[in-house]
There are 2 protein chains.
Amino acid sequence: MNLGQQLSFLIRNTPIISDPQVIDCAINGITDYFACTLQACHEDDVHKLLAWIADEGGNARAWLIGQKKLASARQAALLNGFQAHCLDYDDVHSDVRGHPSAVILSALIASVRLDNAEQTIDGRRFLTAYVIGIEVMALLGQSINPQHYEKGWHATITLGGIAATAAICYLYDEPFLSQALTLAATQASGMRLLMGTPIKFLHAGLAAQHAIQAVEWLRAGIHADQDFLDDKLGFLAIYGQGNTRFDLSHWGKTWKIVHPGLWFKNYSYCSAAAYIADAGQLLYRNANFSVDKIESITIFFSPPQSDAALIYQMPLLAEQGRFSAEYVLALTLLGLPLSFEQFSAKPIANGIKNLMQKMKRSYQIQLTPHPQAYNQRYVVVEIVNSTGEKLNQRIDLPKGSPKNPYSQRELSLKLVKAVGDQKTTDNLLKDIRALAVGLDLHTFLLSYLLKL
Amino acid sequence: MNLGQQLSFLIRNTPIISDPQVIDCAINGITDYFACTLQACHEDDVHKLLAWIADEGGNARAWLIGQKKLASARQAALLNGFQAHCLDYDDVHSDVRGHPSAVILSALIASVRLDNAEQTIDGRRFLTAYVIGIEVMALLGQSINPQHYEKGWHATITLGGIAATAAICYLYDEPFLSQALTLAATQASGMRLLMGTPIKFLHAGLAAQHAIQAVEWLRAGIHADQDFLDDKLGFLAIYGQGNTRFDLSHWGKTWKIVHPGLWFKNYSYCSAAAYIADAGQLLYRNANFSVDKIESITIFFSPPQSDAALIYQMPLLAEQGRFSAEYVLALTLLGLPLSFEQFSAKPIANGIKNLMQKMKRSYQIQLTPHPQAYNQRYVVVEIVNSTGEKLNQRIDLPKGSPKNPYSQRELSLKLVKAVGDQKTTDNLLKDIRALAVGLDLHTFLLSYLLKL
């Protein structure tokens, strides 16, 4: 067996997972996914894409979540992925350096035919498929990151399509899994260049579409019999930078959805800026802080390149500020809210620009990383006042990250805010939990088709 | 203006081309495209994809060439691209190191709405759009090849989607061209790993689909405002290997469709093996040749890596033989025809295998390249007989390549073979020529919708 076949063998022979800790992580991921996607279902760009879908037409089969209608599986994957990611509010995984659930759950849900619910799908199998998707995405990321990401690839899409293909094929026990992984891999694209534009979010939808296409075209009988992990011409060889150790020895013993776990967000900027936001908020509350006294600000990143996602040092539009350490820091130091409104497609105000101009980035810092830090990352923000006084704030484990998580109550509140009413939210939470004891996935999806 | 905007400016301001030499090249390209796509329209895999399209559904707007029906623009792009390339019978460009017309013409034709032919499209504008598509694809290829191809990318798809996007946007004079190029670039994928499987051919369809998606999503109002030629995070930076000189200084003065020109095929194997086929056929006719006397065969490639496309040294299936110097040479030395049948998905016979086992490849050769050679390439096949006698054959300019072209009669015969009758072929040839004097593209396509 080649490496792709070995991976496929392990996936296909994974028993349904019942470990409560793993299941709890999967339930949290699904809960957060619904919160993100429903929060975004009225966004302008989502409705532009919906209009395009209506214009293209197609047989109505798969759920456009939050839109009370069905579309083709490809269209649903594209729309759901775009929607889930379009506020940059969805979960992150540090091995992936990207957003796994927006892709994997969008593809899994789009794969379910709601026009023909005679077939049943055990909710437990769905949860395991999701865990496997996260696992494949994180293993691929671990193998080629940080170089893959730093080179300029957007890992959410490059790794996401392959991961979602693994998840769908597990869900339906497809015998062509290893070929489907190859067909997904040869569709892998997506540049970080697009960050700060809506296409960054469309990448999540495209990755989900890649997975649907891989599965549907193999079902149609088109073959793709190659090893996507071939060491000369395969995915890791081409998309990695020579660092391609792909380790399957822990398969099924620990799961990446638990360790290091998903990183949830209660904000609409890149998680790399979460360090900055936490530091800014603490500095703002410091008794010696006054924004008027600031002479200069240095943002220290360690290790170097850990700010690769934060490509805007002087953004012009607020939506670019999602990927700007300077913009997020300026908002917090001005006491402004980190609300969705602050990251829309409007120009940035002069007061914020003036403050950003006092900032610079530095990588000249060599403190000992926190023993629990993610990829040894930390940030220090240092303010020098006009009096010469210095204020410092260091952040190692940002709020929302797996080792400094939101409470269950905070996650539920995120869902209530998106759903809009408590009763529907409570039912949804109850039904997501019921998947773990075998609720049929068709029944689950159909019962919310017109309610969400 | 950034580099992507400069390119877009040049494209949008290109006048309709009337130079007869350029137009003749475009007409030959379109003629060959119809020959390839019609030759393939009954292939099994094409019909599998057609069944998938029928199952997905969608508004019927764009021509599925040779199938007498319409589909959505995305579906038509995918099917037409797959079909045009699926016998590996379609044109090649040495700067691209891939197949330009299968992608560009498939996308252009799929972009035309045949359900609403009130709008007219000047056939001359269509020809210029095609010439521009070839130009963009060849310029990108020239910038990052041979390293891009040698790394493992399949240039037909990675470069094709961007090129086809340029062509479509020129055709309709879309103001968002530079954004569309970016949206196409972030979809660029495709690994050479897939050669020898039908996915190699699907890559042409995927590239055409990338272009349709880029254009339709921008028309829907989704923005992609970045420079796809950004020198740090852009297409050439990520898909090149550090060799990214993108030269626009000759725009509009010479056209890549003329120099170095399209390379046409009358066979179903990779053009890199055309050197081998020509050598084998000449050796077979050599008075001192007898297959029974062969002790060993050495195939010398220069420069090294010029056999990168020929990934199978000992193929097991005949379809893999499209990318095997050894298989193509064995066929010719055994006096077997190089017909489509010899490259189908069946196992390779033992007699052919035994002959392949006598072959080895070598790069230890340093003759002076032919002054007109493509990328300084040449091949020498050397046979050593059991008597110790040696037979040599060198090939520099294979038959069908721009400097050793097929005659107009040979190209017409290729079209007749595919169309099946002389009268329809004559009309088709006449109407392709009429595009050059302004025949409306809608009228042209509609008149053949049910005839081909």
query: Of A:Lys68/A:Lys417; B:Lys68/B:Lys430; B:Lys399/B:Lys430; A:Lys353/A:Lys414; A:Lys68/B:Lys69, which ones are farther than 23 Å apart at the Cα?
result: B:Lys399/B:Lys430; A:Lys353/A:Lys414; A:Lys68/B:Lys69
message: I'd like the residues of region B:37-61 whose 1.4 Å-probe accessible area shrinks by no less than 50 Å² going from the isolated chain to the full set of protein chains.
response: B:Lys48, B:Trp52, B:Asp55, B:Glu56
- line: For B:Lys265 the rounded accessible area (nearest 10 Å², probe 1.4 Å, non-protein molecules ignored) is 0 Å²
field: Student exercise, the protein assembly as shown dipole from Lys, Arg, Asp, Glu Cβ charges, in Debye to nearest 20
entry: 520 debye
query: Under a Cβ-Cβ cut-off of 15 Å, what is the net charge of the residues other than A:Leu439 that fall near it, where Lys and Arg count +1 and Asp and Glu count -1?
result: +1
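May I ask you to give the percent of accessible area on region B:271-395 that is carbon plus sulfur, with a probe radius of 1.4 Å? Mind dumping the intermediate values first?
Numbers: 2730 of 5640 Å².
Here it works out to 48 percent.
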message: With n ≥ 4 as the cut-off for DSSP H runs, can you work out [θ] at 222 nm for chain A, using -39500 (n - 2.57) per run divided by the number of residues, rounded to the nearest 500?
response: -14000 deg cm²/dmol
Value of relative contact order over region A:271-395, rounded to a whole percent, pairs C-alpha under 8 Å and six or more apart: 39 percent
For the protein assembly as shown, alpha-carbon Rg and Dmax in angstrom: 28.5, 98
- prompt: Along the charge dipole of the protein assembly as shown, Cβ charges K/R +1 and D/E -1, which of A:Leu450, B:Leu355, A:Ala129 sits furthest on the positive end?
  reply: B:Leu355
- prompt: Where a Cα-Cα gap under 16 Å defines reach, which lysines qualify for B:Lys390, not counting those fewer than 8 residues away within the same chain?
  reply: B:Lys293, B:Lys358, B:Lys360
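Report, in debye and to the nearest 20, how large the dipole of region B:271-395 comes out about its Cα centre when Lys and Arg carry +1 and Asp and Glu carry -1 on their Cβ.
Values: 11 positive and 9 negative charges, 17 e Å.
In total the dipole reaches around 80 debye.
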message: Given contacts defined as C-alpha pairs under 8 Å and at least six residues apart, what's the relative contact order of chain A, whole-number percent?
response: 20 percent
message: Under 19 Å between alpha carbons, and skipping anything fewer than 8 positions from A:Lys346 in its own chain: which aspartates and glutamates qualify?
response: A:Glu43, A:Asp44, A:Asp45, A:Asp88, A:Glu319, A:Glu326, B:Asp225
message: Please report, ordered by residue number, every helix of chain B (full DSSP H runs) that is 30 Å or longer along its axis going by C-alpha atoms and whose mean Kyte-Doolittle hydropathy reaches -1.0.
response: B:123-144
task: Would you list, by chain and number, the lysines whose Cα falls below 22 Å from the Cα of B:Lys253, excluding same-chain residues fewer than 8 positions away?
output: B:Lys403
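Taking only Cα atoms of region A:271-395, what ratio of Rg to Rh do you get with Rh as the Kirkwood inverse-distance radius? Let's see the in-between values first.
Working: Rg = 13.8 Å, Rh = 14.6 Å.
Result for region A:271-395 is an Rg/Rh of 0.95.
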- prompt: Hey, how many Å between the Cα centroid of region A:74-99 and the Cα centroid of region B:317-348?
  reply: 45 Å
- request: Please compute the net charge surrounding A:Pro347, taking Lys and Arg as +1 and Asp and Glu as -1 over other residues with Cβ under 11 Å from its Cβ.
  value: +1
query: Can you list, shortest first in nanometers, how far B:Asp24 lies from the same residue in the other copies, with each label 7 Å from Cα toward Cβ?
result: 7.8
- prompt: How big a patch of accessible area, both sides summed and in Å² to the nearest 100, lies buried between A and B at a 1.4 Å probe?
  reply: 4900 Å²
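The values are calculated or read from the model by the stated rules, or taken from the named source; none is laboratory data. Here the structure is a predicted model, which means the values were calculated and not measured. With ideal geometry, Cβ positions are generated from the backbone for all residues, glycine too; neighbour counts draw on all protein chains shown. Just the protein is used for accessible areas: all its heavy atoms, side chains included, with ligands, DNA and RNA removed. Shrake-Rupley method; radii C 1.70, N 1.55, O 1.52, S 1.80 Å.
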